[in-house]
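The values are calculated or read from the model by the stated rules, or taken from the named source; none is laboratory data. Computed from a predicted model, the values in this text were never measured in an experiment. Cβ coordinates were reconstructed from backbone atoms using ideal geometry, including for glycine residues, and neighbour counts include every protein chain displayed. Just the protein is used for accessible areas: all its heavy atoms, side chains included, with ligands, DNA and RNA removed. Shrake-Rupley method; radii C 1.70, N 1.55, O 1.52, S 1.80 Å.
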Amino acid sequence: MVFSSLIFLYLFLPACLILYFAGKSISYRNWLLVVFSLFFYAWGEPVYVLVLMFSALVNYGFGRLIGDGGRNRHARALMIASVVFNLALLGYFKYIGFLVENLNRLGLSLPVPDVVLPIGISFYTFQTLSYVIDVYRGTVAVQRSYRDFLLYVALFPQLIAGPIVRYSEIEPQIAKREVKLSSIYYGVLRFCIGLGKKVLLANYAGSVATQMLGGDLSSATTLGGWLGILMYTFQIYYDFSGYSDMAIGLGRIFGFRYAENFNLPYISKSITEFWRRWHISLGSFFRDYVYIPLGGNRRHQVVNLLVVWVLTGLWHGASWNFALWGFYFFVLLLIEKTFPQVFTRIPGVLRQILTFFLVVMGWVLFYCTDMSRLGQTFGLLFGFSGAGLTSGQINITLLNNLPLLLLCAVGCTQLPRFVGMLFSGLCAEDRRRKPRKRMVYVVVLYVFDLVLLALSTISLIGSSYNPFLYFRF
């Protein structure tokens, strides 16, 4: 089940909210969220929900053994065993087929196992890993309730696509949380904005990208190729950031506060800045649990960067294009770190354009899982292959989609945030001076929510194209 589905919007979520607010006991609410979260996951993964529960049980047990034993001589061995277990579980489901295929290319004839990837396993595996490591480090207290630990792992707002939530961020909220009307108000607004980003922007941008890049590239044009990769650039941003917005909004409604996962990454003026703004929870995970333990900036910095970025690429998928994508960003970051004075001399606007161009080139690597098709796509974009610069049909397609392209581009800038801050400032001012006028602003925001919900619903009813890119991760 996904947030951008009619079943979730009009059956699952209303039922969960009604039952959640029907009781005030924190124990009742935690049990309810566990049950609904497992049902949410089992809707699309009826068998692999057992893998989720087993993973949570094993890591809960490791946490208890490490936490109850204190910093004894077995704690490090238990922590390492937990890391091995989690990576083995993730490796089997996500990478075993990829590994066997590559071994066969070396001359072996092994049968390739047909393993279905459990949804969200990359996210909840990293969450359980971070918990056990933090218990070992002594930075969080051990969770003694399996139900509450399962709630942390399986809570449906962030279960299948993050953000990757640290146990330390959510620990106090599991035992005690207060749901205020202002939090519900903000949560609803944030959820509807995320839903609109996913359904009204990402889906339509993705449809154009598939039309331009998903067919026979030998008959495609260079302009069509650029239109396609730009639309994919916007699709992946609005798809994932929209899901994060919905997760943050849902969490706030239930009393949980999740950290931001995106911060306008396409306005970055360097690749370093881009990765501080894009998928923030993943970047901080690799920094704290891989890069720094390897030595960080103190020793073997280049090797540490290489390891982190190859792992970052492979985390996204069991395919060589993802490893190449990670290596690409490793090279760019290494160049920035080695020659910082070169980039600081470039005017800010030009650095922003250059960074966006380099990111788009990275999305070409990300998009093409077939390596031969990857070469064709780059050839198409730079005029070395394809059916020419443009065509009459491509010109019409571009004109028809120009409003969508411009809307997506503006949505990636600070303008929407500026308008929101201005609106919030007016509300705050009128709260002190003109309470009735403030109510008008509140009503306007609710109407805005309803419009986004209505338009998203109409789009979901009228279109069968509703992919979710991060399902495969």
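One residue alone among SER270, SER281, SER219 is open to solvent by 20 Å² or more (accessible area, probe 1.4 Å) and under 30 Å from THR338 (Cβ atoms), and that residue is SER270. If you go through the range 135-149 and pick out every residue that is under 23 Å from the mean Cα position of the chain (by Cα) and open to solvent by 10 Å² or more (accessible area, probe 1.4 Å), you end up with 0.
Evaluating GLY362 against the criteria (1) open to solvent by less than 30 Å² (accessible area, probe 1.4 Å); (2) in contact (Cβ under 8 Å) with a residue 60 or more places away in the chain; (3) closer than 14 Å to SER268 by Cβ leaves one unmet condition, (2). Taking each residue of the range 294-321 that is open to solvent by 30 Å² or more (accessible area, probe 1.4 Å) and looking for partners that are of a type outside the set (D, E, K, R) and in a loop (DSSP other than H, G, I, E, B) with beta-carbon atoms closer than 9 Å, six or more apart or interchain, yields LEU294/HIS300; GLN301/GLY295; VAL303/GLY295; ALA318/LEU117; TRP320/THR369. With respect to the conditions (1) of a type in the set (Val, Ile, Thr); (2) farther than 28 Å from GLY194 by Cα; (3) under 22 Å from the mean Cα position of the chain (by Cα), VAL49 lacks only one, and its number is (2).
Screening GLY61 on (1) open to solvent by 30 Å² or more (accessible area, probe 1.4 Å); (2) free of Cβ contacts under 8 Å to residues at least 24 places away in the same chain; (3) farther than 21 Å from VAL116 by Cβ; (4) not β-branched (Val, Ile, Thr) shows it passes everything except condition (1). Of TYR167, TYR238, TYR243, TYR204, all but one fail to be out of contact with any His (no Cβ under 9 Å at 6 or more places or on another chain) and open to solvent by 10 Å² or more (accessible area, probe 1.4 Å); the exception is TYR204. Taking each residue of the range 11-32 that is under 19 Å from MET1 (Cα atoms) and looking for partners that are modelled with pLDDT under 95 and among the aliphatic types (A, V, I, L, M) with beta-carbon atoms closer than 7 Å, six or more apart or interchain, yields PHE12/MET1. Could you say which residue among ASN86, ASN104 is within 27 Å of the chain's Cα centre (by Cα), surrounded by 13 or more Cβ atoms within 10 Å (Cβ to Cβ), in a helix (DSSP H, G or I) and polar (S, T, N, Q)? Testing whether each residue is within 27 Å of the chain's Cα centre (by Cα), surrounded by 13 or more Cβ atoms within 10 Å (Cβ to Cβ), in a helix (DSSP H, G or I) and polar (S, T, N, Q) leaves just ASN86. The residue that is least open to solvent (accessible area, probe 1.4 Å), counting only those in the range 89-101 that are free of Cβ contacts under 8 Å to residues at least 24 places away in the same chain and under 23 Å from the mean Cα position of the chain (by Cα), is GLY91. In the range 178-263, counting only helices (runs of 4 or more DSSP H) that sit wholly within it, the ones holding 1 or more residues that are in contact with a Cys (Cβ under 7 Å, 6 or more places away or on another chain) and in contact (Cβ under 8 Å) with a residue 12 or more places away in the chain span 203-213, 222-253. Look at the range 382-395: where a residue is touching a residue at least 12 places away in the same chain (Cβ under 8 Å) and a partner is loosely packed, with under 12 Cβ neighbours inside 10 Å, sitting 6+ places away or on another chain with Cβ atoms under 8 Å, you get GLY383/LEU389; SER385/SER218; GLY386/SER218; GLY386/SER219; ALA387/SER218; ALA387/SER219.
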